[in-house]
Amino acid sequence: MDGLDDPIAEICSEERGVDNRTLKKVVELAVEIAREGREGRKIGTLFTVGDHEEVLVRSRPLILDPLTGHPDDKKRVKDPDMRETIKELAQLDGAFVVSDGGVVVSAARYLDAASRNLDIPLGLGSRHMAAASISRNTGTVAVAVSESSTVRVFDEGGVVAEVVPEVWMLRGYGPYPGR
Ligand SMILES: Nc1ncnc2c1ncn2[C@@H]1O[C@H](COP(=O)(O)OP(=O)(O)OP(=O)(O)O)[C@@H](O)[C@H]1O
């Protein structure tokens, strides 16, 4: 992915405690969503990567899950058809839950978002609060796409990287909080 390849690989280090190939696929997809939007408008969305069983316990469906009933091998985040499906479903409220092995197990989930012990900058709203919270309270890394196009990666309750795709800029936020 152009000049972002190395920085994304760096964000997705094994130190994060989740499968780094799955995380890389998710961050790349998030950057694509931030850049492309959908049907001419910007969209935001949220992914959790790893520890999907715990994320499912700490979340609830906002609608009947559109991914239910499809076999896992059709729901791999690296699969081009699945990536197009995610871009379409990203217009819905809620989060995608991605397993460590790279299967998108659920879409449109509302995450429990306790705000204790989070380390996030002021000015971010409830999507980012939920991302920080789930990364604090489960063994997941969360990837948030803001409607303002910035992609932020959360680990252990804080932002660990920020990508601004429009200007191909990446900011790191210190190495690996809590590890
Ligand atoms: N707890 C949550 N779990 C999953 N999705 C959430 C949660 N809270 C908010 N969202 C999603 O985030 C969307 C935007 O909410 P909000 O504007 O408060 O967030 P934000 O952090 O300011 O994001 P953005 O920068 O994209 O505006 C909601 O419409 C919903 O789809």
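Below, the figures for the structure above:
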{"item": "Positive-end residue of P121, S106, V159, charge dipole of the chain with Cβ unit charges", "result": "P121"}
{"item": "Translational D in µm²/s for segment 1-99 (Stokes-Einstein at 4 °C, 1.567 mPa s, Kirkwood Rh from C-alpha pairs)", "result": "89 µm²/s"}
{"item": "Relative packing of peptides 19-30, 120-131, 67-78, 149-160 - highest average C-beta neighbours within 10 Å first", "result": "149-160, 19-30, 120-131, 67-78"}
{"item": "Projected area, mean over directions - the chain, Cα convex hull, nm²", "result": "9.4 nm²"}
{"item": "Convex hull projection area averaged over all views, segment 89-153, Cα basis, nm²", "result": "4.6 nm²"}
{"item": "Kyte-Doolittle mean at least -0.5 and Cα axial length at least 18 Å: DSSP H helices in the chain", "result": "20-36"}
{"item": "Theoretical ellipticity at 222 nm over the chain - DSSP helices of four or more residues, -39500 (n - 2.57) apiece, nearest 500", "result": "-8500 deg cm²/dmol"}
{"item": "Number of Lys pairs (Cα under 14 Å; 8 or more positions apart or on different chains) in segment 2-172", "result": "7"}
{"item": "Student exercise, the chain dipole from Lys, Arg, Asp, Glu Cβ charges, in Debye to nearest 20", "result": "420 debye"}
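Where a number appears in this text, it was derived from the coordinates with a stated rule and is not lab data. Computed from a predicted structure; not experimentally measured. A quick note on method: Cβ atoms are made from the backbone with ideal geometry, for glycine too, and the neighbour counts reach across all protein chains shown.
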